[in-house]
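Visitor: One structure is given below, represented as structure tokens, and several questions about it will come after.
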Amino acid sequence: MSLNLLEHVAFAYQPVWGASRQLIGVRLRVRALAPDSVDAAHLLELLANAWSGQAPFLLVSFVEQSLLRQALVVTPHDHLWLEIPDFGDTPPPGLPEALARAQRMGHRLVQDAPLARARPTPATGPGAHRHLLHLWPEQVTQALQAAEQHGRSPLLTGQLYRDLNQRRLAVHALDERQAWGVLGWPEDDVLREHQRHGVPVDKLTLVRVQQALMREASMEVIERLIHQDAVLTFRMLRLVNSPVFGASREVSTVRQALMLLGQRRLRDWLLELMPGASADRELLPVRLAMVLRGSLMEHLMNAGVQHDLATEIYVTGLFSRLDRLTHEPLATTLRRVPLSEPMTDALLRQTGPYFPYFDLARRLEHDDEVQRLPAVCEAYGFPLEQLNRALLRTLAQWRNSL
């Protein structure tokens, strides 16, 4: 067994969104390149050491059943949950007993199952047991009817739900059935109502920037707050590069824009944006997923003290899904702001020095890529260990700020 476990596993992740529409947890899919080279106890210890109480909880989902069985007998770790696959009505021999022992030890377990087969599990020890549920079509219909008519809902309270592809269904789960969280946000349905005019600036971000200006926060803080909203970032760059503004040269960063605008002009502009801003919190997971991708790309590059380079790679990730918000081709949207050649190469031509970071970051968001990631890393000459460390650092350091 290698001492460096992160050379021998591939990860994929999926955000868990809570009632606040903030990131409350992360499902981490773990595949061993060679099961004999990975020890679950050491891997869980590594994950636990990287985590903290301020980070989202971590739901560890092993591809290999052998690693799951190893994990069930080790000492439980705070902030870590273990996912139990859906084995149907006939679980593998010995698994129910192993799960009961794990719960007595204090493990936090999440059982993947269809809602129709979910059964309340009596407490058998200090551990916790919840479900990761998905709905069959008839249950979707029943839940939507219950949401509209205030009738009896089939959804269980306090559980995780996945693949809720309708906005009303996700709202019903989180707000009316007190779901623990939702995996996979219904982006298409949420964004559909903004097809005509695009997604507005986020009102809460505007308020937080204004508050920071009132307390005379540093430029770094203001810049970071603006970068929490891709639409606000884009609108600011478009403003300072418009003929009306009359800048003598292209302005390609928010920091440059802040220096040109000055505090008074910035405050006036933010006030002008306020009437058209959106307080729709169902858009928050969409916005934060873009921030998460940008942060991951920034950690992948690990630019160190090179602030401009770190900002550029972050904004590349932030803008990579901007077409989802503007409802027009990304090339059309990006023509309105001056971006560096590496940024446009990565986003529009899938080439250049930034593209490997972009490609790896988006692949990490999909379970089905966990099989291909090692080969993709090798093709880019990017160490798999470095990719895994960047992902863990991004997630462990995440703090909800909106």
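Visitor: List, largest first, the extents of the alpha carbons of the chain along their principal axes, each in whole Å.
Guide: For the chain, the Cα extents along the three principal axes come out at 73, 57, 39 Å.
Visitor: Can I ask one more? For Asp89 and Ala50 in one chain, what is 0.36 nm times their gap in residues minus the Cα-Cα distance, to one decimal in nm?
Guide: Between Asp89 and Ala50, full extension yields 10.4 nm more.
Visitor: Now, a different point. Just the Cα atoms of segment 11-152, one point each, no solvent: what log10 I(q)/I(0) does Debye give at q = 0.13 Å⁻¹?
Guide: At q = 0.13 Å⁻¹ the computed log10 ratios are -0.64.
Visitor: Could you rank Asp280, Asp78 by how accessible they are, 1.4 Å probe, largest area first?
Guide: Descending order: Asp78, Asp280.
Visitor: Have a look at Arg21, Arg287, Arg119 and tell me which one the Gaussian network model of the chain (Cα, springs below 10 Å) gives the largest fluctuation.
Guide: Highest fluctuation among the options: Arg119.
Visitor: Per DSSP helix of 4 or more residues, -39500 (n - 2.57); summed, then divided by the residues of the chain. What does that give at 222 nm, rounded to the nearest 500?
Guide: About -13000 deg cm²/dmol.
Visitor: Please compute the per residue accessible area over the chain with all protein chains in place, 1.4 Å probe, rounded to a whole number of Å².
Guide: Accessible area per residue: 45 Å².
Visitor: Here's another thing I want to ask about it. Name the residue from Pro374, Ile222, Ala102 whose Cα lies farthest towards the positive end of the charge dipole of the chain, charges +1 on Cβ of Lys and Arg and -1 on Cβ of Asp and Glu.
Guide: Checking the options against the dipole of the chain, the answer is Ile222.
Visitor: Any idea what the dipole of the chain comes to, in debye rounded to 20, about its Cα centre with Lys/Arg Cβ at +1 and Asp/Glu Cβ at -1?
Guide: Approximately 980 debye in magnitude.
Visitor: Got a number for carbon plus sulfur as a percent of segment 191-317's accessible area, 1.4 Å probe?
Guide: 50
Visitor: Cα atoms only, segment 28-80: Rg and Dmax in Å?
Guide: Rg then Dmax for segment 28-80, in Å: 10.9, 33.
Visitor: Follow-up. If you plug each phi of segment 106-116 into the Karplus form 6.51 cos²θ - 1.76 cosθ + 1.60 with θ = phi - 60°, what whole-Hz ³J(HN,Hα) values come out, in order, with x for Gly and Pro?
Guide: Rounded to whole hertz, the list is x, 5, 9, 10, 10, 8, 6, 6, x, 4, 5.
Visitor: Okay, next question. Under 12 Å from the Cβ of Arg162, count the other residues' Cβ atoms, weight Lys and Arg +1, Asp and Glu -1, and hand me the total.
Guide: -4
Visitor: Which of the trypsin sites (Lys or Arg not before Pro) across segment 116-197 are loop residues per DSSP, with 12 or fewer other Cβ within 10 Å?
Guide: Details: sites: Arg117, Arg130, Arg152, Arg162, Arg167, Arg168, Arg177, Arg192, Arg196; in loops: Arg152, Arg177, Arg196.
Sites meeting the loop and neighbour criteria: Arg152, Arg196.
Visitor: So, one more: Could you work out the local net charge near Thr394, counting Lys and Arg as +1, Asp and Glu as -1, over the other residues with Cβ closer than 14 Å to its Cβ?
Guide: Numbers: positive: Arg293, Arg362, Arg389, Arg393, Arg399; negative: Glu298, Glu365.
Summing Lys/Arg as +1 and Asp/Glu as -1 gives +3.
Visitor: So, by mean Cβ neighbours within 10 angstrom, what's the order for 199-209, 90-100 with the highest one leading? Walk me through the numbers before you get to the answer.
Guide: Working: 199-209: 20.2, 90-100: 12.7.
Going by the mean number of other Cβ atoms within 10 Å, highest first, we get 199-209, 90-100.
Visitor: Turning to a different aspect of this structure: Looking at segment 199-340, what % of the alpha carbon pairs are farther apart than 21 Å?
Guide: 41
Visitor: What base-10 log of the normalised intensity I(q)/I(0) is obtained for segment 310-402 from the Debye formula, alpha carbons as equal point scatterers, at q = 0.16, 0.24 Å⁻¹?
Guide: -0.76, -1.30
Visitor: Taking the Cβ of Leu284 as the center, what net charge do the other residues with Cβ under 9 Å away carry, scoring Lys and Arg +1 and Asp and Glu -1? If you can, show how the numbers build up before the last one.
Guide: Numbers: positive: Arg21, Arg281, Arg287; negative: Asp202, Asp280, Glu282.
Taking every Cβ under 9 Å from that of Leu284, the sum is 0.
Visitor: Go through His327, His227, His299 and list them by solvent-accessible area, largest first, probe radius 1.4 Å.
Guide: Ranked list, largest accessible area first: His327, His299, His227.
Visitor: Calculate how many DSSP beta bridges within the chain are antiparallel, expressed in % of all such bridges and rounded to the nearest 5. Walk me through the numbers before you get to the answer.
Guide: Numbers: 11 of 36 bridges.
Counting DSSP beta bridges with both partners in the chain, the antiparallel share is about 30 percent.
Visitor: 5 Å is the cut-off here: which amide hydrogens, built 1.01 Å from N in the peptide plane, fall below it relative to Ile84, excluding neighbours closer than 5 in sequence?
Guide: Result for Ile84 returns Val110, Gln111, Asp112.
The values are calculated or read from the model by the stated rules, or taken from the named source; none is laboratory data. Predicted, not measured: the structure shown is a model, and the values here were computed from it. Heads up, the Cβs are rebuilt from the backbone with ideal geometry, glycines too, and the neighbour counts pull from every protein chain shown. Heads up: the accessible areas ignore ligands, DNA and RNA and are worked out on the full protein's heavy atoms, side chains in. Shrake-Rupley method; radii C 1.70, N 1.55, O 1.52, S 1.80 Å.
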